[in-house]
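The values are calculated or read from the model by the stated rules, or taken from the named source; none is laboratory data. Predicted, not measured: the structure shown is a model, and the values here were computed from it. Here Cβ is always computed from backbone atoms with ideal geometry, including for glycine, and neighbour counts include all displayed protein chains.
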Amino acid sequence: MANSNSRLKFFTPVLALTLLASSVYMRGQFGPLVDPAYTPQAKSQEEFDVYLQILTEVSPKEIIAQVEKFASAYPASQLLGTAYQHQMLAYRELNDLQGVLEAGGKSLRLLTDNVTTLLTLASAIPNTSMSGPAAAELLTQAEEYAHRALRGLHRIHVPREVSLERWEKLRDQMEAQAHEALGHVAAKQGRMQIAISEFEMATEKNPEPQGTQFFRLGLAYLSAGKQESARQALQKAAELGPDLITQRALEELQKLGRAK
Amino acid sequence: MGEHLQDSRSLLALWLLLFWLPGCDGLAQTSTAAPETMKRLEQLIRKEQWEQALRFAEQLVLVETNSQEPMLQYWLGFLRWRQQDRIKAVQALRSAERLGLSAAFLHKTLGMIYFDLRQFTLFTEQMEKAMRADAGDPEPHFHLGRYFESVQHNFGRALECFERALRLQPEHVQSIYYKGFCLEMLGKQEQALQNYHLAVQLLKKEGVRFSWPYQAIARILLSADPEQALQWATEAAELEPDIAANHLVLAKVHERSGKLTEAIDALHKAVQRNPTDGSAYYMLFRLYKKLGRSEAAEAQLRMFEKLKAIYGEQ
C-alpha cells in the first residue's frame, strides 16, 4: 500500500504532460465540432473584437484577465461559454487547478454538454491534492463528467466539413482521454482493477499512443502486483516519452529490476 | 445543400478576383503611405502573388505611419483571408474600419469573412452597410440571399434578395441561378426551369464554367424527359467534375434509364468527392441490391447508417 501511495504521488506531476496531449479540438468556437447552424453569435462587432482578442492572446494570464473583462462587458453574450472554456485552458497552462475548476464550471453552466470542457475537468480533478469528503465528492463529479463526455461523443452530430477519418481519430482520442480520467479517478479511490481496465481502454483506443497513459497503466499494474504487465507498459511509456515520462518510467523499471 | 455552401466560398474567391482586383487601381495614389511601396504592393496583388503580397503588407504595417493607413489595413485583411487566417483578417479589416474606411468593398469583404466564421448577425450587418454605401451594387443582396437559402433554408426570403439583386443587375447570372433554385424549392418548377435556362444562356455568352444550372435542369427533367436530362447532367459533370452533386444527379439519370452500372460508376465518383454524403451510399445500396450483389449492397448500407449516426439526416 505504501508503494502504491508513493506511486500515486507521481500521477500529479503527470498532469501538465497529460493535458498537453490535448489537440486542436480544444479551441471552442472555431474548432471542428461546432455545427454551423448552432454557432453562438456575437451581437456586435465590438463584442466580437474583444472575443477575438481572447482567441489570439498567447499569455495565459492575459487570457484570464481578458475573459473577466469580456464577461463583465458582455454578461449575456452567447460567446461567454466558449470564452470561459479558453479561460479554463489558460488556467490549465498555469497549472492552476482551482482556476480550471472554476472557469470550467462556469463554461459548463452555459454549454452543458461541451465535450472539451467535460474532458478537461474530468482530467484535472483527480490531480487535485485535496483530501477528505470534499475530495471524494470532486472525484465522483469527475467520474460523471467523463461519462457525460463519453455519452456526448456518441450523440454529437458532426458538421459535414469534418471528414469521417478526422472525426473518428478525434473521437477515439477523446474517448481515450475519458477512459484515462476514469482510470485516474478509480486509482485515487483505490479501485485498482477498474483503474487498470480503464487505462487499458485508454491505451487501446488512442490512435496516437500517449506515454502518459502507458505510464499510468504501468503504475496501476504495479499497484495490483502485475509486474510483467507493468514492465511492458512502462517500457512503452519510456519509448513514447516525453522526457519527464521517459525518466519516470525508466526509474520505475529500474526499481522493478532491483525488486526481481 | 452542403456543396452549395462550399460553392459560395469558391464563388467569393472568383468574385473577389473579377470585381475587386480592379479596385486596387491607384492604390499608390489613394493611400498616404509612400507611393513606391504601395505601388509594389499593388503589383504583387495584380500578379496574384498572394504570399509575397501578404509578407510585404505585414512588413509595411509595422512602420508606424503605415499602420494608420486604412487601405493598407484593408489589403492586409484581404490577403490574410486569402491565406485562410480569418481571425487576423477580421482584425485588420476592423482596423481599416476604425481608421475611417467605409466603402462597400470593405463591408463586403468583412461580411464574407464573418460568414466564413459563422457569425451571421455580423455578416448581415455588414451586407446592410454595403448596401447603404453603394445602393446600386447587387452583390450584398446576392450574398444575403445565399445566407437565407443555404443557412436559414428560408427560400421565400432568399428569393426576395435575389430579385432585388436582379433589379439592380438583370444579368447577374448567379442571382438568376439561385432565384431558380429558390423557385424550385418553393415548388414552382416551370419558373425555376426558365431561370436555369436563362442562366445557362448567360454563362455560355460569358464563357464562365458554372455547372449548377445544368445540373438543376437535369434534375427537373429527370422524370419527364430522361434523354434530355442525361445531356444536361453529362454537361454539368464535364463542366465541373469536382462537384459531387453533378455525379449524383448523373447517377439518378442513368438509373432512370435503366443503366445501373453507369449509375454505380457515377455514384462512386460522387462519394469520392463528398465522402460524408450518406444519400449516395444509400443509392449505391439500392442499386447493388437491384443487381443482386448483396454483399456490396450491405457494405453500402452499413456506410450509410454509419454516416447518418455521425452526421445526422441530410
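Screening B:Ala133 with (1) of a type in the set (A, V, I, L, M, F, W, C); (2) buried (at least 24 other Cβ atoms within 10 Å of the Cβ); (3) more than 30 Å from B:Gln191 (Cβ to Cβ) gives one miss only, at (2). Every condition in (1) surrounded by fewer than 23 Cβ atoms within 10 Å (Cβ to Cβ); (2) within 15 Å of the chain's Cα centre (by Cα); (3) over 20 Å from B:Phe78 (Cα atoms) is met by B:Tyr178 except one, and the failing one is (1).
Looking at A:Gln45, A:Gln78, A:Gln53, just one residue is modelled with pLDDT of 95 or more, farther than 21 Å from B:Lys88 by Cα and within 11 Å of chain B (Cβ to nearest Cβ), and that residue is A:Gln78. In the stretch B:290-299, is there at least one residue being in contact with a Phe, Trp or Tyr (Cβ under 8 Å, 6 or more places away or on another chain), farther than 19 Å from B:Val253 by Cα, in a helix (DSSP H, G or I) and within 12 Å of chain A (Cβ to nearest Cβ)? Scanning the stretch B:290-299, I find no residue that is in contact with a Phe, Trp or Tyr (Cβ under 8 Å, 6 or more places away or on another chain), farther than 19 Å from B:Val253 by Cα, in a helix (DSSP H, G or I) and within 12 Å of chain A (Cβ to nearest Cβ), so the answer is no. Selection of helices (runs of 4 or more DSSP H) fully inside the stretch A:87-203 by the criterion of at least 2 residues being within 14 Å of chain B (Cβ to nearest Cβ) and surrounded by fewer than 16 Cβ atoms within 10 Å (Cβ to Cβ) returns A:133-155, A:164-188. In the set B:Arg118, B:Arg132, only one residue is among the basic types (Lys, Arg) and within 14 Å of chain A (Cβ to nearest Cβ); that residue is B:Arg118. Does the stretch B:78-89 contain any residue that is more than 14 Å from chain A (Cβ to nearest Cβ), surrounded by 23 or more Cβ atoms within 10 Å (Cβ to Cβ) and touching a residue at least 60 places away in the same chain (Cβ under 8 Å)? Checked the stretch B:78-89: at least one residue is more than 14 Å from chain A (Cβ to nearest Cβ), surrounded by 23 or more Cβ atoms within 10 Å (Cβ to Cβ) and touching a residue at least 60 places away in the same chain (Cβ under 8 Å). If the condition is being surrounded by fewer than 15 Cβ atoms within 10 Å (Cβ to Cβ) and not small (Gly, Ala, Ser), then the stretch B:198-224 contributes B:Gln201, B:Lys204, B:Lys205, B:Glu206, B:Val208, B:Arg209.
In the stretch B:228-248, is there at least one residue being over 25 Å from B:Glu184 (Cβ atoms), of a type in the set (S, T, N, Q) and part of a helix (DSSP H, G or I)? No, every residue in the stretch B:228-248 fails to be over 25 Å from B:Glu184 (Cβ atoms), of a type in the set (S, T, N, Q) and part of a helix (DSSP H, G or I). The single condition among (1) within 14 Å of chain B (Cβ to nearest Cβ); (2) surrounded by 15 or more Cβ atoms within 10 Å (Cβ to Cβ); (3) at pLDDT 95 or above that A:Ala65 does not meet is (1). For the criterion of being away from chain A (no Cβ under 14 Å) and closer than 30 Å to A:Leu153 by Cα, B:His247 fails. Residues considered: A:Ala233, A:Ala238, A:Ala249. Of these, the only one that is within 17 Å of A:Ala195 (Cβ to Cβ), of a type in the set (Gly, Ala, Ser) and part of a helix (DSSP H, G or I) is A:Ala233.
Within the stretch B:300-314, if we keep just the residues that are more than 8 Å from chain A (Cβ to nearest Cβ) and not in a helix (DSSP H, G or I), the residue that is surrounded by the most Cβ atoms within 10 Å (Cβ to Cβ) turns out to be B:Gln314. When B:Gln126 is tested against (1) free of Cβ contacts under 8 Å to residues at least 12 places away in the same chain; (2) within 14 Å of chain A (Cβ to nearest Cβ), only condition (1) is not met.
Kindly provide the set of residues from the stretch A:171-218 that are touching a Pro at 6+ places or on another chain (Cβ under 8 Å) and farther than 17 Å from A:Ala233 by Cα, ordered by number. Within the stretch A:171-218, A:Asp172, A:Gln173, A:Ala181, A:Val185, A:Lys188 qualify.
Within the stretch B:271-282, the set of residues being assigned to a helix (DSSP H, G or I) and within 14 Å of chain A (Cβ to nearest Cβ) comprises B:Val271, B:Gln272, B:Arg273, B:Gly278, B:Ser279, B:Ala280, B:Tyr281. Filtering the stretch B:187-229 to residues that are touching a Phe, Trp or Tyr at 6+ places or on another chain (Cβ under 9 Å) and hydroxyl-bearing (Ser, Thr, Tyr) leaves B:Tyr196, B:Tyr214.
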